[in-house]
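The values are calculated or read from the model by the stated rules, or taken from the named source; none is laboratory data. Predicted, not measured: the structure shown is a model, and the values here were computed from it. For neighbour counting, all protein chains shown are included, and Cβ atoms are generated from backbone atoms with ideal geometry for every residue, glycine included.
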Amino acid sequence: MLKDKNIIVGVTAGIAAYKAVDLVSRLKKQNANVEVIMTENATKFVSPLTFQTLALNPVYVDMFKEPRNYDVEHISLAEKADVFLIAPATANIIGKIANGIADDLLTTTIMATKAKVIFAPAMNTNMYLNPIVQGNMDYLKGLGYEFIKPGIGILACQTYGPGRMAESADIVEYVIDSFYDKDLVGRKILVTAGPTIEPLDPVRYITNHSSGKMGYKIAEEANKRGADVVLISGPTNLEPPTGVEIIKVNTTREMFNAVEEHFYQCEVLIKAAAPLDYRPEVVSNEKIKKKDGEKDELNIKYIRNPDIVAHFGNLKKNQIVVGFAAETNNLIEHAKEKLAKKNLDFIVANDVSKDGAGFKTDTNLVTIIDKDGMVTDYPILDKLQVAKIILNKVKELINDKS
């Protein structure tokens with residue numbers, strides 16, 4: 001994801017400097033080119049050799065050290081940076097940059113760069129909450145500098161509160177997100193995901209094999225591209241995407257009601273869930289007991305659930321509605337029928353009987369059919385790649401309506 005991106009990591013003198021070791025390692029695993037600038041005091045916490053070994057690049061500390069080449073180091077580093085990440089960012093470095101002080105290699109390079117600058121603050125809770133520090137951060141935010149919110153917990157000084165440097169995995173994710181084209185900023189997108197369940201009795205229910213992975217990837221991708229995302233999810237074992245409002249439901253009727261609550265405020269509904277079409281007409285208040293006898297049978301009468309995507313597809317005015325068709329035969333024929341009947345803008349069809357295209361997999365094999373009848377086949381792709389394709393098509397439709 002960060003292949004060929006130049007990430008300059010600035011390490012300052014805080015106890016959280018040890019976390020920066022893991023951070024650099026994770027950035028390298030994302031195939032980024034990482035170069036590290038340390039303040040002189042930071043070297044008292046972690047050796048420059050540690051970062052040099054992990055980054056596979058020289059570590060820069062002394063502004064006036066004999067140069068390694070003919071480039072002015074603080075200028076060459078500032079110009080090559082795609083992202084400048086300061087982690088840990090102490091109150092001292094934040095205050096210096098806010099007040100235009102450039103008295104060492106790190107501050108000078110930050111001042112000289114035109115790249116995005118991201119601070120990951122780490123300091124004592126009282127220091128972090130100090131109105132001067134908060135004022136400095138607010139001022140820098142107003143200038144376009146970005147801050148990763150610190151964690152809350154017990155700090156090295158044994159105080160409890162905000163001030164812990166964010167976890168390395170979260171910082172890396174933030175850096176990855178910074179390279180996304182924010183082409184959906186301000187767009188309200190409603191996504192459904194996962195299965196629904198319908199109870200038979202207090203201990204049993206019926207459901208299907210949907211894992212929710214496709215819908216969750218769509219929600220994640222839309223959020224990274226700047227959209228305001230509401231994810232309505234049936235029961236899954238998935239971690240909700242960061243920054244997405246999630247509404248958890250169980251039954252198809254609960255999912256219908258949740259969609260209805262948000263539909264009129266959204267611009268796009270992407271119906272990636274696999275809700276049950278039928279539910280038991282009667283739900284037993286007690287556990288259904290089996291009976292003795294070889295010919296014992298259990299007969300359950302089922303009734304129709306509301307067809308969520310058809311209801312809102314036919315109700316839409318200016319919204320874009322996207323549906324899915326999970327089939328096992330006659331894929332294109334059935335998908336086209338659903339597209340027309342449910343008044344969709346386009347439908348994402350897949351044959352769940354094929355390898356790599358069914359529920360629970362991390363890949364999908366899809367065909368997209370639009371309302372003009374255009375059929376586009378795609379090879380087996382990671383579900384995140386499929387999410388990108390779907391949202392690119394959504395973006396095209398948004399532009400057409402503008």
Exercise. Of all residues in the stretch 285-311, how many are within 30 Å of Val191 (Cα to Cα) and hydrophobic (A, V, I, L, M, F, W, C)?
Worked result: 4
Problem set entry | Out of Asp382, Asp355, sole residue that is more than 27 Å from Lys188 (Cα to Cα) and out of contact with any His (no Cβ under 7 Å at 6 or more places or on another chain) | Asp355
Exercise. If you go through the stretch 287-336, how many residues are β-branched (Val, Ile, Thr) and part of a loop (DSSP other than H, G, I, E, B)?
Worked result: 3
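Okay, residues lined up against (1) more than 17 Å from Thr39 (Cα to Cα); (2) touching a residue at least 40 places away in the same chain (Cβ under 8 Å):
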| position | (1), (2) |
| --- | --- |
| Lys96 | no, no |
| Ile110 | no, yes |
| Gln134 | yes, no |
| Ser168 | yes, yes |
| Ile171 | yes, yes |
Seminar exercise, completed: Only one of (1) assigned to a helix (DSSP H, G or I); (2) in contact with a Ser or Thr (Cβ under 8 Å, 6 or more places away or on another chain); (3) of a type outside the set (Lys, Arg) does not apply to Gly356, and that is (1)
For this session: Show the residue pairs that are 6+ apart or on different chains and have beta-carbon atoms under 9 Å apart, the first residue being within the stretch 14-27 and surrounded by fewer than 24 Cβ atoms within 10 Å (Cβ to Cβ), the second being of a type in the set (Phe, Trp, Tyr) and assigned to a helix (DSSP H, G or I).
Result: Val21/Phe51
Exercise. Residue check, Asp382 against (1) modelled with pLDDT of 90 or more; (2) crowded, with 19+ Cβ neighbours inside 10 Å; (3) within 26 Å of the chain's Cα centre (by Cα), all met but one. Which one?
Worked result: (2)
Seminar exercise, completed: Selection over the stretch 253-280 where residues are over 21 Å from Pro199 (Cβ atoms) and surrounded by 17 or more Cβ atoms within 10 Å (Cβ to Cβ) yields a count of 8
Problem set entry | Members of the stretch 258-286 that are in contact with a helix residue (DSSP H, G or I) (Cβ under 6 Å, 6 or more places away or on another chain), part of a loop (DSSP other than H, G, I, E, B) and not hydrophobic (A, V, I, L, M, F, W, C) | Pro275
Exercise. Mind checking which residues of the stretch 149-165 are touching a residue at least 60 places away in the same chain (Cβ under 8 Å) and buried (at least 18 other Cβ atoms within 10 Å of the Cβ)?
Worked result: Arg164, Met165
